């Protein structure tokens, strides 16, 4: 027995208080995740209507907009990485960062330089520790993103994409975030945001629903000018919402296993402490018995 | 029942959607909004239209209940098959508007002529105040 009973008791106590903390975090994550899902649902109508409108314009006018134009010789790519602000969510942030590394590797293989944009303190810390350059970063909202943040991010990315010259100018924009599949499965995904591919499979009108012949006011180009940036921002908002839900799900999972582990540890320590206590008692008894025997022997000898 | 409401003569299905929620949705007889080209009123059987909005007031004459007045900060309006969707990043109904807050925003935006979005903020605050006044 390496340690005394008292020391084991102290360990049990500290494990118990840790368990209380992880249990509380698990419950908080569980309640927030429902809110996060509701937020994602509430944002869906906007994204749907926007996609409809964009595909309507794209169908009835010859789209040639700077945001949809494929650059001939892409040299520089921007990558937006969406991670969490806080840890204790298992491998959530590190798996996004790994996916981002993979994408960066691939882009470099295609001969593109990379400008990095970050979301979340975890990504910031990762890049600062490695002393890598970061163009811009946003923090402080990872578990409940607001649309204003998405608009900010969208503005910066669009500006960088539309810029012709200079260090900031990029030819394409990628986003790496965690897609929320279910409570158990969240997968890091990388998608190309710009240049936009307007005709996307998700909202294709079915054959019997022909898109009406729209009148555009003031003109198709102006409408597109107004729509596309909003479309980009709404896509970023969608990514942020998905990332928030994933973060909470990952945290809940991590905290649940932490609580389970604490339970195991407490059990183990209780057993060892009991053993140590028993060993102490046995030793005391054998000392007493030994002492009595020695006394008896000594008295018998003197008589 | 749903069938009969859609077939009644003079109605539009209206959805007023902000980026993070559906602000109002329901049946209406008329929608008035301010586009970049001027005010536009939409009745039933309006031609399909896609138009950009400027920060301003949107009025919806609802079939059931009160008329709705909302403030929007840009966005766009789309009309097709008697469905009207009004999309705006921030849209608020008149009864949700905090007039005091809007006035304070207006003052601070007018005072601060340096920042580039001041003009935009002025327009937004004015739209909110107008919407609140129109409803009362």
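If you wrap the protein assembly as shown in the convex hull of its Cα atoms and look at it from every side, the mean projected area works out to 35.2 nm². Arranged from fewest to most other beta-carbon atoms within 10 Å of their beta carbon, A:127, A:177, A:8 become A:127, A:8, A:177. Here each label is just a point 7 Å from Cα along the line to Cβ, and for residue B:63 and residue A:302 those points are 11.4 nm apart.
Counting, for every residue in A:20-32, the Cβ atoms of other protein chains within 10 Å of its Cβ and taking the mean gives 0. Taking label points 7 Å from Cα along the Cα-to-Cβ direction, residue B:117 and residue A:7 give a separation of 5.9 nm. Arranged from fewest to most other beta-carbon atoms within 10 Å of their beta carbon, A:184, A:118, A:193, B:106 become A:184, B:106, A:193, A:118.
Residue by residue along B:75-82, Cβ atoms of other protein chains within 10 Å of the local Cβ number 5 on average. Counted by neighbouring Cβ atoms within 10 Å, the residues A:216, A:141 run from fewest to most as A:141, A:216.
Take each residue in B:39-47, count the other chain C-beta atoms within 10 Å of its C-beta, and the mean is 1. Spin-label model, residue A:86/residue A:113: points 7 Å from Cα along the beta carbon direction are separated by 3.9 nm.
Based on C-alpha pairs under 8 angstrom that are at least 6 apart in sequence, chain B has a relative contact order of 23 percent. Multiplying the residue separation of residue A:17 and residue A:187 by 0.36 nm and subtracting their alpha-carbon distance yields 58.0 nm. Can you give the % of DSSP beta bridges in the protein assembly as shown that are antiparallel, to the nearest 5? Taking every DSSP beta bridge within the protein assembly as shown, about 65 percent pair in antiparallel fashion.
Every number here is computed from the coordinates shown, using simple stated rules; none is lab data. Since this is a predicted model, take the numbers as computed values, not measurements. Virtual Cβ from ideal backbone geometry, glycine too; neighbours counted across all protein chains shown.
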